[in-house]
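As C-alpha cells, the structure follows; a few thoughts come after it.
The values are calculated or read from the model by the stated rules, or taken from the named source; none is laboratory data. Please read these numbers as outputs of a predicted model, since none were measured by experiment. Cβ sites come from the backbone with ideal geometry, for glycine too, and all protein chains shown count toward neighbours.
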Amino acid sequence: MQIIATFLVTATVLLWLVCSATMAALAFFGKKINHLVPSTVLFAGGLTMLLAAMFGWQINYLWDAPWPIYLAVAPLSSHLDALSSIFIGLLAVVVISVSLFSPGYLEHLSHKINNGCYWVELFLFIIGMLGLILAANAVTFLVFWELIALSSVLLVVSDLSNRQARVAAFIYLGATRIATGFLMAGFLWMHSLCQSWSFSDWHFDQHATLIPAVLIVIGLCIKAGIWPFHDWLPYAHPAAPAPVSALMSGVMIKVSLYALIRLLVMGGLVSPWVSYMMLAMGLISLFWGILWALVQKDLKSLLAYCSIENAGLILVCISLAIICHGINMPEIGALFLAAAIFHCVNHGLFKSLLFLGAGAIDCRAHTRDLELLGGLAGKLPWTMFFFVIGSAAICSLPPLNGFSSKWLIYQSLFMLANKFHSIWLSGLSMSCIAILGLVSGMSLYCFTKAIGIGFLGRPRSHAAEHATEVTLPMLAAQLLLALCCVALGISAPDWMAVMQPACTAAFSNAPVLSNVYTIPMALFAFLIAGTSAIIYVLWLSDQTNNVKKYVTWECGFGDLTKRMQATATGFAENVTYTFSPLFLYSARSKIAGRDRRHFPEDVTLQVSTTPVLASRIYMPIVRVVNWLGERMLLLQAGSIHLYLCYILLTLVALMVIGVLI
Amino acid sequence: MLVTVYEVIGIMSAVVAVLMLGSRNVQIQLSMYAIQIWLIVAETAFFAWQYKQPHFYIIALTLLLQRAILVPLFLHGIARRLNVTRDPGMIVPAPLTMHLSVLLFGLSFFVGQHLPMPSAVSGPIVIASATGSISHLFSGLVMMLTRRLALSQIVGFLTLENGVYLFALSQTDGLPLLMEMAVFIDILGAVMIAGVLMFSIKKSFEHIDVSRLKELKH
Amino acid sequence: MMAVGVYVLFFACVLLLPPCVIGVIRKGKALMQGRVGAPLSQPFFDLFKLLGKDQTVSQTTTWIFRSSCAMNLATTLIIAGIVPWLSFKPIFPGDDLFLLLYLLALCRFMTILSALDSGSPFGAFAASREAFLSMLVEPAMFISLGALALIAHSTSLHVVFDLSLPCSTYDVPVWLAAAAALFLGSIVDLSRMPIDDPTTHLELTMVHEAMIIENSGKNLALVEFTHFLRMAVVYGLISQCMMHAVGRLVEFNQLTAAIVSVVSILGMAVLTVWIESVFVKLRWRSTPEFIAYAMTMSFFATGGALIGDMYARHGL
C-alpha cells in the first residue's frame, strides 16, 4: 500500500517535471506549443494523484527522499496520512478540471500570454502545493512554500501588458514575502525550542511556544487572506487567468489552512490567547469579506472577497476546535475539526467551479464587469446552469455540499452552546450562530446579484450580445466540479467517515462522526427533484399552446431597452447605504438641463467606496516606508570614499563588539 | 421555583424601556414611557397588597396621577407646540443603541447576581428585580447619551428615575411615605421647569437640539 | 386507523387551511374598513380561476422562471411537512432547525432569481429589497429558534415543540420573547404591513408583489398558494410558541391542543388584520429599525434561555 502510494506520487511529480522542462525548452527556443500535450499530462497526473489520495487515506506513512536529495539542514521528508490525502484529493479534482479548462481558455488569451511560460509555472505551482501538503518538516515546507509563492506571482502577471495585473502581482509579491518572513521566524524559533525540524516533534502546549505560534499563525493567515491581512487577495485573484484563480482560491488558501491544522491542532495548541485571537480574526473576516463582496462590480473580485469570507469561516472552526481542546471537550472539538476540513473541501470545489464559470464568461464576453454583462442565459446556457449550481452551493442551500458543511458547523456551535461549559462560551456560540445567519443572508444577496445581473435579463453590451457557448472540454471541467458538489451534498453522512481518521488523530475520544449527521440528505434531494418534476410535468408543461410570449411588463410604454434594467451597483445599493460608514461611501449626483427640476437632460451619479484598512493604515505605512527609503538614498552618495568609510566603520564596530562580548 | 408577579412586571417594564430606545419618533417614545409607568403602578399596587403596607396604595395613586397621566400629557402637549416629531439622533443610529441597551441588560443581570441579599426574600427573585431596575438605569443613561432632542433627554431622565424607584422598592422592602412624596414633588417640579425652559430655548434658538449647545461658547 | 386519520386530516389542512387564512385576513380588513368584502371562500375561487387561465410569459425569461414556482411549491410542501405547525401533525424524518431555515432560503433564492429573470426593473429592485430585508431578519430567526432549541437541548423541531415536555417557569419568558421575535420576523418574511402593503398597485412601493409581477395563469396560482401555505405554516409556528408559553398554566390534552392550534392560526390572522388596518407602511429607509425590534426580542429569548439553563444546572 505504501509502495503504491509513494510510487504514484513520485511518478506524478517526475512526469510533471519532465513535461515542464520540455515546455521551458520549447518556449525558450520560441516554438509554438500545442495545448493538448501539457493538458493531457496534467490530466493524467491529476488522476494518479487522486489514486494516491485514495490509497494514502488508509495509511500513515513518513518517508524521506533518498540520499542525493537533501535540503542543506534537513532531509526532504513527506508525510502521507488521512488528513493530507483529503487535501491531495481536493487538489487532484481541481487539477483535473483545470487541465480540461485551460486549453480552451488560453485560446482566448493566446496573443497576450506566453503559453510555454504559463504551463511551466502551472506545473511548478501544482508541484509546490503537492509538496506542501506532504511536507513533514519545516525546511521542506519552506522550500515548497517559496515555490508556490514565486510561481503563483508569475502566473498572476501572465498578461504582462495589463497594468492591473502588474500592480496586483507586485502587491501579492510583497504580501507573500512578509508571510514567508513571519513563517520563517516562527519556524526558526520552534526549531531552537524543540531542537528538531520535524513537525511531529513540535508540541505547542507549553507556555514558551506562545510567540512562535503567533508568528506562524500570522504568516499562514496572510497567505490565507484573513482580515487584517486580506488586502492582497482582491488584487491578485481577479488578475490571474481564470484556471489559476480557481487553483489559488480553491486550493492555495486551503493549503495554508491545512498547514494551520497540521501544525497547531495536531501539535496540541491549547493557549486561549492564540485561539481567541484567531477566532476574532476569523469572525471579522467572515463579515468583512462578504460585505465587500456585495458591492463589487467585477465578477472575479466578488468571488475573491467571498473567498475571504469562507477562509474566515474555516479559521473560526479551527479556533473553536482548539478552544474545545483547551477546555477538555474533545468530542465537540473533533466535530469542529471535521467541519473545518469538510468546508475546506467543499469550498475548494464550488469556488473553483465559480471561478471557471467566470473565466468562461470572460472568454466569450471579453469582460468581467457585471455592468456590461447580462442576457447570457440564452448564449451560455450550460455555463449558467453550472454557475447556478455553484452559487446555490456557496449560499449553503440544500441539498448541495455547501449546506452539508454549514449544517455541520451550526450543529457543532449549537452543541457547544448546549454543553454549558460557561455562560460566556454558550453566549459566544449563539452569537456565532447569529453572525453566520447574517453572513448567509448576505451571501444569498451577493450571488443572486452575480447571477441576476450577469446572466439574466437583457445584454448590456455589444460583446455580451454576441457571446457564444464555450468549448466542450471547458464545459466538461465545470460539469465535473458541479457533479462533485451535488455528490458531496447528497452523500454527506458517508463523507463523515472519510474524515474520521483525521479527527481521531487530533482528538483522543472523537465520536463516530457519521452518527452525528441526522438529516437524510439523499431523501431530500429526491423529494425536491421528484416533486418539482411531478408538478412541472402534470401541471405546467401540458399547456404550451396556451402560453403567449410577450414583452416584460413595461407599464404600456413600449419595449424596455437594455439600459432600463438593474445595475450591479443599484442592486447592492441598499447595503452600501445602510453600512455607509463601513464603506466610507460617498455618492455625488449632478442633474443638468434647462429646467433641472422638471425636465432633466443629463443625470450623472458618482459613487465610491473606499477600503478602510487599505486607505487608512496600509497606504500611510507604505508612504512612510517610501519616505524612509528616499532618506536612505542619501547614504548612497556614489562616492567610493564614502563606501570605504562605511566599511572601515563597520569593521571597527565589529571588532569592538567582539572584544567586549 | 416561585416567581412572584412583581418581578415579572419589573422585567417587562425593563424590556419596554429597552424597546423605547429603538424608535426616533417622539410620540412612540412617550407612549412607551407611559406603558412603563402603568406597569410600575401595577407593581406598586401589588406590592402594597402582598406586603400589607397600605401607604403604598397612596404612592401608587400618586404615581398614577402624576406620572402616568399628568407628565405624558404635558410632554405630549409640549411636543405638539414645539412641533417636533422625530429626533435626529447622535452618531450611533437608534437600533444600535437598542442592541447596546440589551447588552447592558445582560450586564445588569451580572451586577444583580453580586448584590448582597436583603433579609426577607432570597435567590433569583431579588436578582430578577435588581436586573429590571438596574437596566432601567442603563436604558435611561443610554437614551440621554445618544439623543439630541431635549425632550428625549427628559424622557431618559424619567426612565432613570423609574429605575432608582424600582431598585428602592425591591431591595429595601419599600421606603417611607414621606421620602417617596418628596421625590415625586421634586420630579414634578423638574419636569415642569424643563418644559418651560424648552419653550424659551426654542424661542431663542429656533431648535431644541442639545448637540448645538456648544455654539454658546462663542 | 387513528394514524391514517391523522395523516388525512393533516393533508387536508395543508390544502385547505392556507386559503382560509388569507380569506379571513381579507374579509377582516374589509369589515374594518366598513365594507362587506368578498366572501371567506373567495381565495379558493381565485385559485381555481387562475388555474384555468392562459399564461403570458416574458420573452426574456429562461428555465429559471419556468421552474422556480414548481420548485418553490415543492420546497414549501417539504417545509409544511417538517415544521410542527399543527399539534396533530405526523412526524416526518429529518426535521432540523437549520434545515428549515435554509429551505426557506432556497425558496427565497429561486424567487429572487425568477424576479430578475425577466429583466424588468420592478422585479430587480423588489428582489434587491427582499434580499436586503431577509438578510437583516436571518440572525433574528436563527437565534430565536436557537433559544427554543437550547431549552429542549436538541435542534430537532418535533422535540423542541413537543407539548408533553416539562416546561419550567424560566422557559415561559423565552417562549414569549421567541414568539414576539418570530412574529416580527414573519411580518418581514411574509411581506405584510408595516413593511410592505400587499394590496398596493404602485410598483415603486412593492416588495413582494413586484417579484411575482410577471407570473400569470397556472404559475400565479402556484405562487399564490405557496405564499398562503407559507403564511399558514409561520402563523402555526408562532401559535405553537404561544401554546407552549401558556402551557405552564393550562394542561392541553391532544384533542384540545389540535383544536386550539387550528383556531389560533385563524386568531393570528385576525391579529394581522388589526395590525394591517391600524399601522401605516414604513418608509423604506426605516425598515431596518423595525427589524431591530425583532433582533432585540430574539436577544432577550437567547439570554433568557442561557440564564434559565444556568439556574437549572445550579439547582435554583
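Structure notes:
- The set of residues in region C:92-140 that are touching a residue at least 40 places away in the same chain (Cβ under 8 Å), facing chain A (nearest Cβ under 7 Å) and more than 24 Å from residue C:62 (Cβ to Cβ) comprises C:96, C:98, C:139.
- Residue A:446 passes every criterion in (1) more than 7 Å from chain C (Cβ to nearest Cβ); (2) more than 21 Å from the chain's Cα centre (by Cα) apart from (2).
- First in region C:141-153 and more than 7 Å from chain A (Cβ to nearest Cβ) and closer than 17 Å to residue C:172 by Cβ, second anywhere and crowded, with 24+ Cβ neighbours inside 10 Å and among the acidic types (Asp, Glu), Cβ under 7 Å, 6 or more apart: C:151/C:171
- Close Cβ contacts (under 7 Å, 6 or more residues apart or on different chains) running from residues in region B:186-208 that are over 17 Å from residue B:72 (Cα atoms) to residues that are of a type outside the set (Val, Ile, Thr) and surrounded by 11 or more Cβ atoms within 10 Å (Cβ to Cβ) comprise B:201/B:150; B:202/B:82; B:208/B:82; B:208/B:149; B:208/B:150; B:208/B:151; B:208/B:198; B:208/B:202.
- Of the residues making up region A:400-429, those that are touching a residue at least 60 places away in the same chain (Cβ under 8 Å) and outside any helix (DSSP H, G or I) are A:400, A:421.
- Residue A:278 fulfils the conditions (1) surrounded by fewer than 24 Cβ atoms within 10 Å (Cβ to Cβ); (2) over 26 Å from residue A:151 (Cα atoms) except for a single criterion, (1).
- Test: residue B:86 is within 23 Å of residue B:167 (Cβ to Cβ), charged (D, E, K, R) and modelled with pLDDT under 90: no
- Of all the residues in region C:146-185, those that are under 22 Å from residue C:269 (Cβ atoms) and part of a helix (DSSP H, G or I) number 10.
- Scanning region C:243-283 for residues that are touching a residue at least 12 places away in the same chain (Cβ under 8 Å) and of a type in the set (Lys, Arg) yields C:248, C:281.
- Against the conditions (1) within 13 Å of chain A (Cβ to nearest Cβ); (2) under 14 Å from the mean Cα position of the chain (by Cα), residue C:213 satisfies every one except (2).
- Restricting region A:8-41 to residues that are of a type outside the set (Phe, Trp, Tyr) and closer than 15 Å to residue A:88 by Cβ, the residue that is surrounded by the most Cβ atoms within 10 Å (Cβ to Cβ): A:12
Yes/no per residue for (1) within 21 Å of the chain's Cα centre (by Cα); (2) crowded, with 19+ Cβ neighbours inside 10 Å:
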residue	(1), (2)
A:146	yes, no
A:155	yes, yes
A:162	no, no
A:170	yes, no
A:178	yes, no
A:182	yes, yes
A:185	no, no
A:202	no, yes
A:205	no, no
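- Selected residue (only one of A:335, A:397 is modelled with pLDDT under 95, closer than 30 Å to residue A:411 by Cα and outside any helix (DSSP H, G or I)): A:397
- Test: residue in region A:585-595 that is free of Cβ contacts under 8 Å to residues at least 24 places away in the same chain, under 30 Å from residue A:613 (Cβ atoms) and within 7 Å of chain C (Cβ to nearest Cβ): no
- Candidates A:616, A:631, A:563: the one that is within 43 Å of the chain's Cα centre (by Cα) and within 30 Å of residue C:216 (Cα to Cα) is A:563.
- Scanning region A:368-388 for residues that are more than 17 Å from residue A:293 (Cβ to Cβ) and within 12 Å of chain C (Cβ to nearest Cβ) turns up A:374, A:375, A:376, A:377, A:378, A:379, A:380, A:381, A:382, A:384, A:385, A:388.
- Single unsatisfied condition, residue C:57 versus (1) within 30 Å of residue C:258 (Cβ to Cβ); (2) at the interface with another protein chain (Cβ under 7 Å from one of its Cβ atoms): (1)
- Within region C:206-259, if we keep just the residues that are part of a helix (DSSP H, G or I) and in contact with a strand residue (DSSP E or B) (Cβ under 9 Å, 6 or more places away or on another chain), the residue that is surrounded by the most Cβ atoms within 10 Å (Cβ to Cβ) turns out to be C:219.
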